[in-house]
Amino acid sequence: MPKHKRLEIWFQDEARLGQKNGRVRLWARKGSRPRLPADQRYANAYLFGAICPRLGKGAALMLPRADTAMMQLHLDEISRTVAAGAHAVVLMDRAGWHGTDNLTVPKNLTILLLPSRSPELNPVENIWQYLRQTWLSNRVFETYDAILDAGCDAWNRLLAQPETIMSIGLRDWAHSGR
């Protein structure tokens with residue numbers, strides 16, 4: 001990392017969104033059996049998302065698949081979102097497309113891979129849970145474009161609430177002393 005630059009700590013992950021959508025609990029009159037929509041189709045897309053909890057900001061792309069080429073697009077998007085003159089450390093899990101030598105990491109980013117099988121260290125996992133519970137569950141998406149629109153809408157709603165990103169994402173171990 002270059003010396004004398006402001007440091008931003010980012011967390012990155014991707015989530016599959018699609019017609020096989022999750023269900024969450026809902027309030028209903030005692031003894032009733034509320035109906036929930038269900039879909040048997042399999043269209044899906046991937047929401048590549050990253051957050052900087054200290055600053056309450058994020059960067060995301062809705063993409064057709066999860067692979068190295070899509071990861072490159074996302075790293076470039078994160079790089080554009082990092083403040084001018086700052087350097088970002090991007091923490092992420094060990095998916096195959098995260099640590100490959102085929103990525104060209106932008107100069108203002110450093111990738112730090114989290115330990116294997118430790119999703120609890122990545123607050124973006126909690127962001128996915130929040131997005132699903134708040135805006136994405138108990139819905140049927142009629143088309144692929146509807147999936148893309150819903151993912152973008154949910155992410156944009158999240159970005160409009162920087163205090164939510166901070167509340168969900170801040171980790172003492174990652175931000176102490178900064």
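Using only alpha carbon pairs under 8 Å that are at least six residues apart, calculate the relative contact order of the chain and give it in whole percent. Over the chain, the number comes to 31 percent.
Just to confirm the number: angle between the C-alpha axis of helix 144-159 and the first principal axis of the chain, 0 to 90 degrees, nearest 10? Approximately 60 degrees, to the nearest 10.
Looking at the chain, the accessible area is 57 square angstrom per residue; that uses a 1.4 Å probe and ignores ligands, DNA and RNA.
Helix 68-81 and the longest principal axis of the C-alpha atoms of the chain enclose an angle of approximately 70°.
The values are calculated or read from the model by the stated rules, or taken from the named source; none is laboratory data. From a predicted model like this one, the values you see are computed outputs, not experimental measurements. The accessibility values were calculated without ligands, DNA or RNA, using every heavy atom of the protein model including side chains. Shrake-Rupley method; radii C 1.70, N 1.55, O 1.52, S 1.80 Å.
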